[in-house]
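Read through the structure below, which is laid out as C-alpha cells, and then see the notes.
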Amino acid sequence: MRRTEDGRTTAGGAGTPSDPAAVSSVSGARVAPVYRFPSLLPAAVADEFDPDRPLRHGGRRRRTLRDWIVDFALFLCAVFIGVVGADSVAKNTDLSPVLADIDQLIGALACAALWLRRRWPVALAIAMLPVTLVSETAGGAVVVALFTLAVHRPLRYVAWIGGICLALIPLYYWMRPDPDLPYPFVVGFGVLLTVTFIAWGRLVRSRRQLLLSLRDRAQHAETEAQLRAEQAQRLAREAIAREMHDVLAHRLTLLSVHAGALEFRPDAPEAEIARAAGVIRDSAHEALQDLREIIGVLRADDRTDESGRPQPTLTALDQLVEESREAGMAVRLDSGIEDPKAVPAATGRNAYRIAQEALTNARKHAPGAEVTIHLAGGPGEGLTVDVRNPAPPGDVPHVPGSGQGLIGLTERATLAGGRLDHGKETDGGFRVHAWLPWQER
C-alpha cells in the first residue's frame with residue numbers, strides 16, 4: 001500500500017529502496033543526497049520514501065522542516081501582498097472606513113486560514129472564491145490557496161476552480177476600480193499573478209511526481225535485476241543437473257551391469273570376474289572424477305569456464321562405444337564423419353552427450369538389444385545423430401525417474417540451435433534422432 005499526493009491510499013508500489021543511491025543511478029538525478037536528510041523533503045514525498053514514517057493523530061501527515069519553512073514563507077508572501085492591497089484600499093476614497101476595515105479583517109482571516117491549506121486544499125480554494133469579490137487584502141491568500149490546489153490535486157480541480165477565479169478578476173476590478181491604475185493594467189496584472197502561482201504549483205507537482213517515478217523505476221530495475229540473477233542461477237543449476245545426469249548415469253549403469261553379472265554368475269571364470277571387477281573399479285573412478293569436476297564448477301568463481309579435464313567431443317565417441325561393448329552391450333557405430341576433429345567443439349560435445357544418454361537408456365530399458373549409432377552431415381548442413389535399438393527381449397521392469405534424461409537432451413539440443421525427437425517405433429524399438437547446427441568456417 002502507498003499514500004498518494006492527495007492523501008489517499010492505493011495499492012501498488014514497492015517498499016522503501018534499500019539503497020537510495022539507486023534512484024539517482026536510473027536517471028542521473030541527484031536524489032540520494034536529499035534522501036539522506038528526509039527533513040528537506042516535502043511530507044508527501046517523505047511518506048513515499050518511508051511508508052513507516054510516523055503520522056500525526058488522525059492519520060494526517062507530520063510536517064517536515066521543509067514544510068514549516070515553506071508554510072511560513074507562503075504566509076509571509078500572502079501577508080505582503082495583503083499589505084499592498086490594504087494600502088490600495090486605504091487610498092480608495094470611494095470606500096467607507098467600515099468597508100475598508102472589513103476588507104482588512106477578511107484579508108487577515110484569509111491569511112490565517114492558509115495554515116489549513118495542506119489539510120483541505122480544495123475546500124480552502126473554493127472558500128476563497130467569494131473572498132475574491134469582497135476583499136482586496138485577501139489577494140495574496142487567494143493565490144497561495146490556488147498554488148496549494150495546483151500542487152496537491154489533479155488538473156481537473158485546478159481547471160475548474162482556477163478558471164472561476166480568473167473569471168472573477170475582471171468583475172472585481174469593474175466593481176472596485178483602482179483610482180491610480182487603468183482598468184486593463186490591473187486586470188492583466190491580477191490574471192498574470194494568478195496564472196503564475198498556478199503554473200508554479202503545477203511545476204512543483206510535476207517535479208514531485210518525477211522524483212517518485214524515479215524511485216519506482218529504481219525499484220523496478222532492482223527487482224528485475226534480482227529476477228534476472230535468480231533466473232541465471234536457476235538455469236545454471238539446471239545445466240549442472242543435466243550434466244550430472246548425462247555423465248553419472250552412464251558410469252553408474254556400467255557399474256550396475258557388471259555388478260549384476262557378478263551377482264548372478266558367482267561361478268564365472270576368474271578371468272571374467274577380474275575383468276568385471278576392473279571395469280567396476282575404472283567406472284567408479286571415472287564417476288568420482290566426473291563428480292569432482294562438477295563440484296569444482298560449483299565452487300569456482302565466475303571467471304573460470306573450464307574444468308581440470310577437457311570435455312569430451314565427437315573424437316571420444318569411439319571410446320564410449322568401446323566401454324559399452326566391454327560392459328556387454330552390442331553396439332554398432334556407423335559414422336559418416338570423415339574427420340571428427342573438424343566438428344566444432346560445442347557441436348561435438350552435444351553429439352557425444354546425446355549418444356551417451358541414448359546408450360544409457362538402451363542399457364536400462366532394452367538390455368541385450370543391439371544399438372545402432374549413425375552419424376552423418378557436414379559443414380553448413382548440420383550434424384545428424386540417430387540412435388536406434390529394437391524391442392527388448394522379454395519384460396523390462398520400470399526404472400524410476402525414466403524420461404528425465406531425454407528431457408534434458410531435448411533442452412540441450414534446443415539451446416544449441418538444433419532439435420531432437422525421440423519415441424517408440426512401430427516394431428517396438430526406440431529411436432533418438434537429433435540434428436545439430438554445424439557452421440561453416
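Annotation note: of Leu227, Leu203, the sole residue that is open to solvent by 50 Å² or more (accessible area, probe 1.4 Å) and over 30 Å from Val143 (Cα atoms) is Leu227.
A quick yes/no check of all residues on (1) surrounded by fewer than 19 Cβ atoms within 10 Å (Cβ to Cβ); (2) over 47 Å from the mean Cα position of the chain (by Cα):
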{"site": "Ser335", "(1), (2)": "yes, yes"}
{"site": "Ala342", "(1), (2)": "yes, no"}
{"site": "Ala346", "(1), (2)": "yes, no"}
{"site": "His365", "(1), (2)": "yes, no"}
{"site": "Ile373", "(1), (2)": "no, no"}
{"site": "Ala376", "(1), (2)": "yes, no"}
{"site": "Val385", "(1), (2)": "no, no"}
{"site": "Arg388", "(1), (2)": "no, no"}
{"site": "Pro392", "(1), (2)": "yes, yes"}
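The set of residues in segment 206-220 being loosely packed, with under 15 Cβ neighbours inside 10 Å and either of a type in the set (Gly, Ala, Ser) or under 22 Å from Phe147 (Cβ atoms) (or both) consists of Ser206, Arg207, Gln209, Leu210, Ser213. Considered as a group, the residues in segment 133-181 that are open to solvent by 80 Å² or more (accessible area, probe 1.4 Å) and free of Cβ contacts under 8 Å to residues at least 12 places away in the same chain include one that is farthest from the chain's Cα centre (by Cα), and that residue is Trp174. Among residues belonging to segment 266-300 that are of a type in the set (Lys, Arg) and at pLDDT 70 or above, point out the one that is farthest from Glu322 (Cα to Cα). Looking at the filtered set, the residue picked out is Arg281.
Go through the residues of segment 321-329 one by one and say whether even a single one is crowded, with 21+ Cβ neighbours inside 10 Å, β-branched (Val, Ile, Thr) and in contact with a helix residue (DSSP H, G or I) (Cβ under 9 Å, 6 or more places away or on another chain). No, every residue in segment 321-329 fails to be crowded, with 21+ Cβ neighbours inside 10 Å, β-branched (Val, Ile, Thr) and in contact with a helix residue (DSSP H, G or I) (Cβ under 9 Å, 6 or more places away or on another chain). Can you spot a residue in segment 246-265 that is of a type in the set (Asp, Glu), modelled with pLDDT under 85, closer than 30 Å to Leu406 by Cα and buried (at least 18 other Cβ atoms within 10 Å of the Cβ)? Within segment 246-265 (the criterion being of a type in the set (Asp, Glu), modelled with pLDDT under 85, closer than 30 Å to Leu406 by Cα and buried (at least 18 other Cβ atoms within 10 Å of the Cβ)), the answer is yes, since at least one residue qualifies. Beta carbons closer than 9 Å, at least 6 apart along the sequence or on distinct chains, pair a first residue in segment 408-425 that is farther than 16 Å from Pro437 by Cβ and in contact (Cβ under 8 Å) with a residue 12 or more places away in the chain with a second that is open to solvent by 70 Å² or more (accessible area, probe 1.4 Å) and in a helix (DSSP H, G or I) for Gly408/Glu238.
The values are calculated or read from the model by the stated rules, or taken from the named source; none is laboratory data. For clarity, every value in this text was computed on a predicted model and none was experimentally measured. Note that each Cβ is placed from the backbone with ideal geometry, even for glycine, and that neighbours are counted across all protein chains shown. SASA here: full protein model, heavy atoms, side chains in, ligands and nucleic acids out. Shrake-Rupley method; radii C 1.70, N 1.55, O 1.52, S 1.80 Å.
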